[in-house]
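Structure first, then comments.
The values are calculated or read from the model by the stated rules, or taken from the named source; none is laboratory data. Remember, predicted model here, so these are calculated numbers, not experimental data. Reconstructed Cβ throughout: ideal geometry from the backbone, glycine too, with neighbour counts over all protein chains shown. What goes into the accessible areas is simple: the full protein's heavy atoms, side chains included, and nothing from ligands, DNA or RNA. Shrake-Rupley method; radii C 1.70, N 1.55, O 1.52, S 1.80 Å.
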Amino acid sequence: MSNQTEEIQRVELELFKEFKRICDAYQLKYFSIGGTCIGAVRHKGFIPWDDDIDVAMPYQDYKKFQEVAQKELPDKYSLYIPKYHKHWFGNFIKLQNDCTTFIEPFQDGYLDAYTGINIDIMPIYGMPKGRLLQYFASLVCDSLLFFNERHRLPFCEQKSRLQEIGWVIDAPIRMFCPFNFYIEVIEKLFGKYSFDNSNKVIFGWRKRPSRFHKNNTYQNIFYYDDFKEMLKCSFEDTSIAIPCGYDRYLTMDFGEYMELPPIDKRIPGHKTKMVDLKKSYKDYIKEGILK
């Protein structure tokens, strides 16, 4: 693991502690997911080569966190929210350290997409009852996420013929609707389902792959029972919440998650254009260094 990865992890850990402090103060439910959950279970901390923290919250808690964080966060931290950043197409927010710089290649050239070192905070939605309705809901979510990217990025950024066609189809909507239109639709459609009255939940920020699991559910849909409670797990010098059914969730999402990947796969998940742990991306922008 490089010194830079260790330093990024240190900043992210402090961000997470602030996130957890607010969640504890307002009794908000959250879960570590993805590589962060694997790290907690397998390493009792970061996966050594990992360079991010991913947490997810039931949608109502996710919205409440945004509301209370505005007044709770110290000055050096802020929320990065999609509705204020046209060229950020993710359907989730970030908690970032404004005194740092963390820019990935896909953000290059879009000043409103630049960030400090951050952690990802994602919404988990409830779902309608019934397998067919859940299948249809996953298709709708997929489509909205696809068009959200087309809606926010220029034609030159479309990477395939399908994306170019999608960009053309979206043109009339782009003329009359704000850039956050599709995320607002996702939140309106899925936010109406009660998280605690659903038998399945959906990761509404991630498109599913075109394959079934062995248990006939899609990869962005999971069992509510696995997310109905938080379990405390050691994580570096603190603790983090993992889903109560973490084993089934992680197996569905990653397969044999306790097995270490080959050495050549043990690399950070994010490619970076620029990282600075001591200077804000905002200062670089003001100085004209980032354009």
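General observations
- L162, L28, L231, ranked by accessible area, largest first (probe 1.4 Å): L162, L231, L28
- Extension gain, K86 back to I169 (0.36 nm per residue minus Cα-Cα distance, nm): 28.0 nm
- Filter on K17/K207; K20/K207; K17/K94; K83/K188; K63/K188 - keep pairs with C-alpha separation over 24 Å: K17/K207; K20/K207
- Accessible area per residue, Å², segment 1-97 with all protein chains present, probe 1.4 Å: 39
- For the chain, the 222 nm mean residue ellipticity estimated from helices alone, with every DSSP H stretch of n ≥ 4 adding -39500 (n - 2.57) and the total spread over all residues, rounds to -12000 deg cm²/dmol.
- Over segment 121-160, the alpha carbon radius of gyration divided by the compact-protein estimate 2.2 N^0.38 Å works out to 1.52.
- Solvent-accessible surface (1.4 Å probe) assigned to D108 amounts to roughly 70 Å².
- When the convex hull of its Cα atoms is viewed from all sides, segment 53-116 shows a mean projected area of 4.7 nm².
- Net charge of Cβ neighbours under 10 Å - reference P48; Lys, Arg +1; Asp, Glu -1: -1
- Ratio of Rg to Rh over segment 1-147 (Cα coordinates, Kirkwood Rh, two decimals): 0.98
- Listed residue (F235, G130, L111) projecting farthest to the positive dipole end of segment 106-235, Cβ model: G130
- With one equal scatterer per alpha carbon and no solvent term, the Debye-computed log10 I(q)/I(0) for segment 147-291 at 0.10, 0.20 1/Å reads -0.63, -1.23.
- Translational D in µm²/s for segment 13-94 (Stokes-Einstein at 37 °C, 0.692 mPa s, Kirkwood Rh from C-alpha pairs): 238
- V68 accessible area, 1.4 Å probe, all protein chains in place, Å² to nearest 10: 0
- Using a Förster distance of 35 Å, the FRET efficiency for F155-L231 (Cβ separation, nearest 0.05): 0.15
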